[in-house]
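Below is one structure, written out as structure tokens, with a few remarks after it.
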Amino acid sequence: MTILACNRISKTFVGQEVIKAVSFHIEEKQKAALVGVNGAGKSTLLKIIVGELAPDEGEVTIAKGAALGYLAQHQDLKDTHTILEAMLSARQEILAMEQKLRSLEQRMGQADDAVLEEYARLNHEFEMQGGYAYRSEVVGVLKGLGFSESEFDKRISTLSGGQKTRVALGKLLLSKPDIMLLDEPTNHLDLSSISWLEGYLVSYPGSVLIVCHDRYFLDRVVTKVMELELGKCTSFDGNYTAYGQKKQALFSAAMKQYLKQQAQIKHQEAVIEKLRSFNREKSIKRAESREKMLDKMEVLDKPQTADDVMRFELTPPQISGVEVLNVEGLSKSFGSQRLFSNLNFSIRRGEHVALIGSNGTGKTTILKMINELLPPDEGIIRIGAKVSIAYYDQEHQVLHMDKTLFEEMSDEHPGMNNTQIRNVLAAFLFTGDDVYKRIGDLSGGERGRVSLAKLMLAEANFLILDEPTNHLDILSKEILEQALNRYTGTVLYVSHDRYFINQTASRILELTPEGIREYLGNYDYYLEKKVEAAENTSRAEPAVTANKQDWQAQKEEQAAIRKRQNRLRLVEERIEELEAQNASIDEDLTREEIYTDVERLMELNKKREDIAKELEELYGEWEELA
């Protein structure tokens, strides 16, 4: 049964149509994702569904009686309650029943039958709605979202923006609407909390519509993907990986059809030119017939995708020494809070290392100490020979808030001219007057792109990145992944984007309360070792067999092509030979000694008919072979 349907939804802002006739539906208990580049209209569509925005055209239909819950991307809760109080209030009816039960219990001593019956009925309903398990469920959700018990009594008004978003998410989960709309629910969650949320949503009895850039998360949660691209919506069954494969297959098929048609058009034009070159009445008629067919052909447009994503290369200017970084006995505390102690690890040239761990363990602090932005309490940090560092700071403290984008780039690279600076900024989607915007007026995502632009120009051989994929859409993340995978220098980064880690890490350092744990592989390898489950990935023999078959098929196809080419050459030679004979006969027929000789005349006409018959067959064969 369909619980939510969008029918031809359109929305325009300042003359620009952001959403064009978008239609899709979600079934009961279905988990679906809404994906697309930044600015594609995903958040706008969610706001239209919940009624915060009115569509210009179209309608949203929600099943009768279905409750809808919405988590916006940014939260600014004004609640004066504690975290625990706010979470308990998510199920007000449970609290009201519990209060009524306590009241009835106080009257039990002098209770009459009516009170006992009311208590029994209410107690049964309380139990059926999970009242007795509700408080433990609240605690489970809070811990799952990364709150410790010592934080339960914190006032919401004192929390950071990220903590408020986690509280809002927890309240929504506990309210258990029939359909949840979640806008970037994994923002502000660490890896363990994201993993917990995955499990919660997979087993959630209602429907879920998610806007999220965490591809690993989408792979594990959703069974349907709706893509917003160039204002239009296309639906794909399956998780994110299946969507990517189907989208690529559709694009490849469309491109193949386009290229095939272009080849056909060029072929037909070549055939027409060749037929005209024979300069015979029949060949010219054939050429004209083909021209008419070509004019009637419906020409396909070249397949397009949203191509406004970052494009850049990272090139180290020189090779560093083999030992790039060596950390010994590193310790750090803030006041009475000890982040870590006696950390030891090293990084060698060419390694791409991910530093992971729960929120608050000190990952960003380690990066800042390597960059000499914070002093260690104890320990030694050694940077290797010929190592030049470029640092991407998730808080963008390396940016100057009062400068324009142009000034930020030109002041640091005075040797670059106006055109060069504009070209670099254009690669990161800043064009026209965008280059004169103040850094302080940019969004988090825009500041991230400026930092990445500076990173590209740094020409370092050791990149240190703190959450580089934050605020990037999926396509931009893929561009960054490709750039890092082509980068021959050394990389150390902190990220909670598991898909990104999977694509780019050759080694993982997990920061735990006990110290650093090392895993020589990507995120999947890390998970495999964590759960001690080995997989048999040996597929060598089938691959060899498939390669043999492919090679044999390719060889046979090449032989067939050569055979056709040889036959085509022979047919063309024979056509030219017959055309020459025809021309000679035509010339003979103009001579008096021939056209007055009846026997000779009949002989030549018979020969001409035979030539015409053979030419007819050859023209047909030539068209097929060509």
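Derivation of every value follows stated rules applied to the coordinates shown; laboratory data play no part. On a predicted model such as this, the values are computed, not experimentally measured, just so you know. Note: ideal-geometry Cβ built from the backbone for every residue, glycine included; neighbour counts use all protein chains shown.
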Project the alpha carbons of segment 323-531 onto their principal axes and report the range along each, largest first, in whole Å.
-> 51, 36, 32
If R0 is 35 Å, what FRET efficiency do you get for Glu407 and Glu378 from their C-beta distance, rounded to 0.05?
-> 0.30
Rounded to the nearest 0.05, what FRET efficiency do Thr2 and Ser150 have when you use their Cβ-Cβ distance and R0 = 56 Å?
-> 0.80
Long pairs among Lys143/Lys477; Lys20/Lys42; Lys78/Lys143; Lys42/Lys247; Lys176/Lys530; Lys260/Lys302, criterion Cα-Cα beyond 20 Å = Lys143/Lys477; Lys78/Lys143; Lys176/Lys530
Of the residues Pro303, Ala67, Ser89, the Cα lying farthest along the dipole of the chain towards its positive end, which is defined by charges on the beta carbon of Lys, Arg, Asp and Glu, belongs to Ser89
Evaluate the relative contact order of the chain (contact order divided by residue number), counting alpha-carbon pairs under 8 angstrom at least 6 apart; express in whole percent.
-> 13
quick note, the chain, DSSP beta bridge pairs, % antiparallel (nearest 5) is 55
Calculated P(r) of segment 561-625 - Cα pairs past 15 Å, % = 57
Within segment 128-156, the residues whose backbone N lies under 16 Å from a label point placed 7 Å from the Cα of Thr82 along the Cα-to-Cβ direction are 135-136, 138-140, 142-143, 147-156
At 7 Å along the Cα-to-beta-carbon direction for both Asn423 and Glu323, put a label point, then send me their distance in nm to one decimal.
-> 4.1
Summing -39500 (n - 2.57) over every DSSP H run of at least 4 residues in the chain and dividing by its residue count gives a helix-only mean residue ellipticity at 222 nm, to the nearest 500 deg cm²/dmol, of -15500 deg cm²/dmol
Residue-wise HN-Hα coupling along segment 63-68, computed from phi with Karplus coefficients 6.51, -1.76, 1.60 (Hz; x: Gly, Pro) | 3, 4, x, 7, 8, 10
Subtracting the Cα-Cα distance of Val14 and Gln129 from 0.36 nm times their residue separation yields 36.6 nm
Ranked packing of 319-325, 418-424, 215-221, most packed first, by mean Cβ within 10 Å = 215-221, 319-325, 418-424
Where Rh is the Kirkwood radius over Cα pairs, Rg/Rh for segment 78-158 = 1.11
Considering only DSSP states other than H, G, I, E and B, which trypsin sites (Lys or Arg not before Pro) in segment 80-150 qualify as loop sites with at most 14 other Cβ atoms within 10 Å?
-> Arg107
Multiply the residue gap between Lys386 and Asn371 by 0.36 nm, knock off their C-alpha separation, and tell me the result in nm, one decimal place.
-> 3.8 nm
Which value in nm describes the separation of the simple spin-label points at Asp237 and Glu291, placed 7 Å from the Cα toward the beta carbon?
-> 5.0
From zero up to wherever the largest Cα-Cα distance of segment 248-376 sits, split into 5 Å bins and tell me the percent of pairs in each.
-> 2, 7, 10, 10, 8, 6, 6, 5, 5, 5, 5, 5, 5, 5, 5, 4, 3, 2, 1, 0
Tell me, what is the FRET efficiency for Arg564 and Glu514 to the nearest 0.05, using R0 = 56 angstrom and their Cβ-Cβ distance as r?
-> 0.20
Dipole magnitude of segment 409-456, debye to nearest 20 (Cβ charges: Lys/Arg +1, Asp/Glu -1, about Cα centre) | 100
How would you rank 56-64, 493-501, 29-37, highest first, on the average number of other Cβ atoms within 10 Å across their residues?
-> 493-501, 29-37, 56-64
Theoretical gain in end-to-end length, His400 to Phe334 [0.36 nm per residue, Cα-Cα removed] | 21.1 nm
For the chain, average projected area of the Cα convex hull in nm² | 46.0
Approximate spin-label separation Ile611-Asp433, in nm, with each point projected 7 Å along Cα-to-Cβ = 7.5
Please list, or write none, the lysines whose alpha carbon is within less than 17 Å of the alpha carbon of Lys274, excluding same-chain residues fewer than 8 places away.
-> Lys266, Lys282, Lys285, Lys292
Tell me, what is the percent relative contact order of segment 78-158, built from C-alpha pairs under 8 Å that lie six or more residues apart?
-> 58
Antiparallel bridge percentage (DSSP; both residues within segment 323-531; nearest 5) | 55
What is the list of residues in segment 195-236 whose amide nitrogen lies under 16 Å from a point 7 angstrom out from the Cα of Glu27, following Cα to Cβ?
-> 205-209, 222-226, 235-236
Dipole magnitude of segment 78-158 about its Cα centre (Cβ charges: Lys, Arg +1; Asp, Glu -1), debye to nearest 20 | 380
About the Cα centre of the chain, how large is the charge dipole given +1 on each Lys and Arg Cβ and -1 on each Asp and Glu Cβ? Please answer in debye to the nearest 20.
-> 940
Relative contact order for segment 400-539 using alpha-carbon pairs under 8 Å, separation at least 6, rounded to a whole percent?
-> 16
Which Cα, out of Val18, Val353, Leu452, lies furthest along the positive dipole direction of the chain (beta carbon charges, K/R +1, D/E -1)?
-> Val353
